[in-house]
Amino acid sequence: MNKVSFFALILGFALLATACKSGINSPPQNTSKTIENLLEIRYKMVLDYPVDSMSMPRSMTIKTNDIKKVPSRDWTSGFFAGNLWQLYRLTGNTEYKKQAEKWTPFSKKESVNRNSHDVGFKVYCAYGEALKVENKQEYKNVIIKGAETLCTRFDAKVGAIRSWDFNKEIWDYPVIIDNMMNLELLFEASKLSGNKKYQDIAIKHANTTLKNQFRQDNSCYHVIDYDPNSGAVRKKTTLQGYNDDSVWARGQGWAVYGFTMSYRYTKDPAYLKQAEATAQFFMTDKNLPEDGIPYWDFRDPAIPNSARDVSAATVMASALYELYGYTKNNRYLAFADQIMASLHSGKYILDPKINAPFILDHSTGNWPKHDEIDEPIIYADYYFLEALLRRK
Ligand code: GLY
């Protein structure tokens, strides 16, 4: 897609959202020229960010002008390379590809790091995006190696991949909803290698999650702690939500995305049903703001004086575009378009005066830890760019 049609698409989001307005306010009226300029400035700052193997940009505290930079072992490390690959696909500008080729290898060593389930995020968001652009055996090898590593964290008794190794005094075997996202690495590795082991483990993990992670109303818990001796559920709890019974917004996004993606590889109707049910919860909850960008937790008692989480919105928009593809349910398409229109209204785009390699503002990383509240965060941009590509 050339630049002109790309920005025409953006303008289209705003118009479409206005046209299919159903209880969600249309965004403030900006001219398409203003939005075009804003995004061009932001994309250029992503391109110009200096290459450094130990400094993947993760988030930013605007007040202090402090960019949080992380090494490859951080769960967010693969997103920046992924953003550059996606910007290349969106704009056709080969400068993004050149930068992506420099950043991607920094994630390679994570394909053998067994310390957390995040190998999926770290490896696949960089190498999976690289593979969409270039059919290189090197990229495939890293993905297969990462899948092999992720499988070492699977326990047959529990029927799930262990998420975290910390807090051993609190949890015996924690599995978080975010972990659904790592299954894409396994499904793809089976396709690339012909080895069904990775897919079998992904299916077992998805089935265990389906059984235990959801509530009656189809919202999901953040953390399920299992007894590894019996495989029984010990506790349904949270780390990043307001409390155990609250509804952490990004977790709902991971659930819808994760089960839609699992349906892509398996065609299991139970996965599609859960994705639709959780999407329905998200889209219709009384605490969802009119512009479709959720508060960080749907049950924060401080609502409406609470922080938003743009990353939850971008994960959901990207998931809903894929869900629409399988169901042809126009509600998913319209809702994703409404989110994208709100994000394109200017209000959520990072101030062009701020020199940082981020596109969107107003995400919330970890509210209980008072960490990354109402800030630009790298994964919000990743799923935003993915949603733009999927809409196309
Ligand atoms: N652990 C991934 C997240 O914060 O959503």
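Some values worked out for this structure:
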| quantity | calculated |
| --- | --- |
| Of all residues in the range 239-270 being crowded, with 24+ Cβ neighbours inside 10 Å, away from the ligand (no atom under 14 Å from the Cβ) and among the hydroxyl-bearing types (S, T, Y), the one that is nearest to H205 (Cα to Cα) | S262 |
| Subset of the range 227-256 (residues that are out of contact with any Cys (no Cβ under 9 Å at 6 or more places or on another chain), over 17 Å from K211 (Cα atoms) and outside any loop (DSSP other than H, G, I, E, B)) | A249, R250, G253 |
| Enumeration of residues in the range 292-318 that are surrounded by 24 or more Cβ atoms within 10 Å (Cβ to Cβ), in a strand (DSSP E or B) and away from the ligand (no atom under 13 Å from the Cβ) | Y295 |
| Some residue of the range 334-350 being in contact (Cβ under 8 Å) with a residue 24 or more places away in the chain, part of a loop (DSSP other than H, G, I, E, B), touching a strand residue (DSSP E or B) at 6+ places or on another chain (Cβ under 9 Å) and under 24 Å from A126 (Cβ atoms) | yes |
| Identity of the residue in the range 351-369, within 14 Å of the ligand (Cβ to nearest atom) and not polar (S, T, N, Q), that ends up surrounded by the most Cβ atoms within 10 Å (Cβ to Cβ) | G365 |
| Search result, residues across the range 360-375 that are assigned to a loop (DSSP other than H, G, I, E, B), at negative phi and more than 14 Å from the chain's Cα centre (by Cα) | D361, W367, P368, K369, I373 |
| Condition broken by L87, with the remaining ones in (1) under 17 Å from the mean Cα position of the chain (by Cα); (2) within 24 Å of F187 (Cβ to Cβ); (3) aliphatic (A, V, I, L, M) satisfied | (2) |
| From the options T314, T364, residue that is within 20 Å of L385 (Cβ to Cβ), modelled with pLDDT of 95 or more and touching a helix residue (DSSP H, G or I) at 6+ places or on another chain (Cβ under 7 Å) | T314 |
| Test result for S59, of a type in the set (S, T, N, Q), more than 19 Å from M181 (Cα to Cα), in contact with a Gly (Cβ under 7 Å, 6 or more places away or on another chain) and surrounded by 19 or more Cβ atoms within 10 Å (Cβ to Cβ) | yes |
| Unique residue being within 21 Å of N83 (Cα to Cα) and acidic (D, E) when the list is E184, E169 | E184 |
| Qualifying residue in the range 129-143 (condition: more than 26 Å from H370 (Cα to Cα), surrounded by fewer than 19 Cβ atoms within 10 Å (Cβ to Cβ), of a type in the set (D, E) and out of contact with any helix residue (DSSP H, G or I) (no Cβ under 8 Å at 6 or more places or on another chain)) | yes |
| Residue check for D285: away from the ligand (no atom under 16 Å from the Cβ), of a type in the set (D, E, K, R) and over 19 Å from L87 (Cα atoms) | yes |
| Members of the range 171-199 found to be away from the ligand (no atom under 15 Å from the Cβ) and either of a type in the set (D, E, K, R) or in contact with a Pro (Cβ under 8 Å, 6 or more places away or on another chain) (or both), listed by number | D172, Y173, E188, K191, K196, K197 |
| Subset of the range 60-84 (residues that are farther than 18 Å from P50 by Cβ and more than 16 Å from the ligand (Cβ to nearest atom)) | T61, I62, K63, T64 |
| The range 92-119 - residue that is crowded, with 19+ Cβ neighbours inside 10 Å and assigned to a loop (DSSP other than H, G, I, E, B) and, of those, modelled with the highest pLDDT | D118 |
| Some residue of the range 326-348 being of a type outside the set (S, T, N, Q), in contact with an Asp or Glu (Cβ under 7 Å, 6 or more places away or on another chain), closer than 25 Å to E40 by Cα and more than 16 Å from the ligand (Cβ to nearest atom) | yes |
| Among (1) in contact with a Lys or Arg (Cβ under 6 Å, 6 or more places away or on another chain); (2) within 16 Å of the ligand (Cβ to nearest atom) - the single one S219 does not satisfy | (1) |
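The values are calculated or read from the model by the stated rules, or taken from the named source; none is laboratory data. On a predicted model such as this, the values are computed, not experimentally measured, just so you know. Quick reminder, even Gly has a Cβ in these numbers, built from the backbone with ideal geometry, and neighbours come from all protein chains shown.
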